[in-house]
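Below is one structure, written out as structure tokens; the observations come after it.
The values are calculated or read from the model by the stated rules, or taken from the named source; none is laboratory data. Quick caveat: nothing in here was measured; it's all calculated off a predicted structure. Every residue, glycine as well, gets a Cβ built from its backbone with ideal geometry; the counts of neighbours run over all protein chains shown.
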Number of protein chains: 2
Amino acid sequence: MSEQPLDGWFIERFDREGSAIGLKVQEKLHDETTPWQHLEVYSTETHGHLMVLDGCVMLTDRDNFLYHEMIAHPALFTHADPKRVVIIGGGDCGTLREVLRHPGVEQATQIDIDEAVTRAAERFFPQLTEANHDPRAELRFADGVKWVDDCPENSVDVLIIDSTDPVGPAEGLFQQDFLARCQRILRDGGVMVQQSESPLYHSGSIIRDLRTAMTQAGFDSVATLVFPQPTYPSGWWSVTLAGKGGAVDRFRETAARERSFATEYYSDAQHRAALTLPPFMARLLAG
Amino acid sequence: MSEQPLDGWFIERFDREGSAIGLKVQEKLHDETTPWQHLEVYSTETHGHLMVLDGCVMLTDRDNFLYHEMIAHPALFTHADPKRVVIIGGGDCGTLREVLRHPGVEQATQIDIDEAVTRAAERFFPQLTEANHDPRAELRFADGVKWVDDCPENSVDVLIIDSTDPVGPAEGLFQQDFLARCQRILRDGGVMVQQSESPLYHSGSIIRDLRTAMTQAGFDSVATLVFPQPTYPSGWWSVTLAGKGGAVDRFRETAARERSFATEYYSDAQHRAALTLPPFMARLLAG
């Protein structure tokens, strides 16, 4: 992927997909080469602040609610009673905030390798970090794969993999070996969720392969949910859930409907809708 | 909107929305200034052929199934027994093809002002025009607004407005005066459907205003359906249905489930999911 901020536009090209998405930017607010990646923050004309890692759009103020709500709430309302939640990646803290909206959660640990992302989020996306001082929040800056290796068996209720694309550093997060270690640290009834790319571009490749790898890693059920995400490739995105000992295509519908917090996108009806896969996708996932 | 085909990329900038979408192109296959607009066709690296009108992406081979299925099938499965269908716009013939998949349809008339669009579709998107020689198909190249004016009252079951954005030539198609004339030509139980732009960008403006105008034009019910559309602004799109004497938030679910034709995106479950509006959108439409 490459960027081309010409004439005041930030254009991200998705070379493998042959498509591009752009935003009109006002100014670059931050530019930092961290030990792990190139981190930039821009102000845009219509989407608020924009965070970019290694030339790839991570989030904007305007549309990050879609991704953050859909990676957090379906998994938490699928688990019967989530108390211990772990987020691998997610350094912008937006997923952590959504997790901590659930009053039953007793501890939520975020493990991102790059502290600079969290510091930039605190400065440029303060609303995403507003739960960081919740006493139930624990922020660690470490290698998430190693953290999972060292984590005791049967100790986590919900494990969220909030990663970048499965090329380069995040590739291992989509492979059976890592998924089996994730399965091991989950308690019985545990739920894992992973961002799983575009339904249009990746149903017959990344999404199908991830579901197969999850099953081979020992999970008892998988389910993919789809939702819009305008600033990611194709504007259409997915998360895939995997269950240890439970069915992840069902969820606590009453609890979701009577949730104690406000949401912009998530609802019990939206959760059911997201589980509804179009025929072309069902065929590709089966094939 | 403007285009910038730099370095082999066609980039469409949505200036009002401050965002852009692009596709990697191989070559320009066609360039024509019709009496009505500037028509271009490109071959792309990953999305098949691309049609562009006045610099705006109209459709690609790869993702047009989303829009065409969702502007046609929800309206036709909402109507109790659609026999006479009219399409205003839709010169690429993709909507006509979907309409004619319904065996109960006796006549489907497409009225697009620009014959050059249909001729280009026949040449570069032959699969979209494969139903043009169906004896039930009628293609007219004329002003759709005037056609509606001249159409007898109570003569149409489903009226599909398959238009460009509500700026410039298509602006009148979103206004109460035209909508009232559409209501007049529908039979009792008739259904109108209109493309209604992006849920992210336009819920509190174009979509809400269209729904209000439909109600003021005499329609008895309205319903907006949402679905992904990667090559339109935000990658997330909507159609809005309006009913003359019937409720358009319900549909013939059994008939949709047991449909006699294959679809890529549409299904009865997908129809229900598309009617499910996220909380932020429901608030904006109510507000």
*Here are some conditions: (1) buried (at least 21 other Cβ atoms within 10 Å of the Cβ); (2) among the polar types (S, T, N, Q); (3) without any contact (Cβ under 8 Å) to a residue 24 or more places away in the chain. Residue A:43 meets all but one. Which one does it not meet?*
(1)
*Restricting attention to the range B:21-33, does a residue exist that is part of a loop (DSSP other than H, G, I, E, B), among the small types (Gly, Ala, Ser) and either buried (at least 18 other Cβ atoms within 10 Å of the Cβ) or in contact with a strand residue (DSSP E or B) (Cβ under 7 Å, 6 or more places away or on another chain) (or both)?*
no
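Quick one: is residue B:179 farther than 16 Å from residue B:66 by Cβ and at pLDDT below 95? Talk me through it step by step, then tell me what you get.
Values: farther than 16 Å from residue B:66 by Cβ: yes; at pLDDT below 95: no.
Considered against the rule, which asks whether it is farther than 16 Å from residue B:66 by Cβ and at pLDDT below 95, residue B:179 comes out as no.
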*Give the residues of the range A:208-222 that are β-branched (Val, Ile, Thr) and either under 19 Å from the mean Cα position of the chain (by Cα) or within 16 Å of residue A:249 (Cβ to Cβ) (or both), sorted by residue number.*
A:215, A:222
_Looking at (1) part of a loop (DSSP other than H, G, I, E, B); (2) touching a Cys at 6+ places or on another chain (Cβ under 6 Å), which one does residue A:276 not meet, given that it meets all the others?_
(2)
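So that you can scan it fast, the table gives a plain yes or no per residue for (1) under 20 Å from the mean Cα position of the chain (by Cα); (2) of a type in the set (D, E, K, R); (3) under 30 Å from residue B:158 (Cα atoms):
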| position | (1), (2), (3) |
| --- | --- |
| B:11 | no, no, no |
| B:27 | no, yes, no |
| B:35 | no, no, yes |
| B:60 | yes, no, yes |
| B:66 | yes, no, yes |
| B:80 | no, no, yes |
| B:98 | yes, yes, yes |
*Residue satisfying condition, being of a type in the set (Ser, Thr, Tyr), farther than 28 Å from residue A:100 by Cβ and surrounded by fewer than 20 Cβ atoms within 10 Å (Cβ to Cβ), within set A:198, A:205*: A:205
*asked:* Would you confirm whether or not the range A:254-272 contains a residue that is among the acidic types (Asp, Glu), touching a strand residue (DSSP E or B) at 6+ places or on another chain (Cβ under 6 Å) and either away from chain B (no Cβ under 14 Å) or surrounded by fewer than 21 Cβ atoms within 10 Å (Cβ to Cβ) (or both)?
replied: no
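Can you name every residue in the range A:179-228 that is within 26 Å of residue B:277 (Cα to Cα) and not in a strand (DSSP E or B)? Explain how you work it out, then say what you get.
Start the filter on the range A:179-228 by keeping residues that are within 26 Å of residue B:277 (Cα to Cα), which leaves A:193-203, A:207, A:222-228.
Matches in the range A:179-228: A:196, A:197, A:198, A:199, A:200, A:201, A:202, A:203, A:207.
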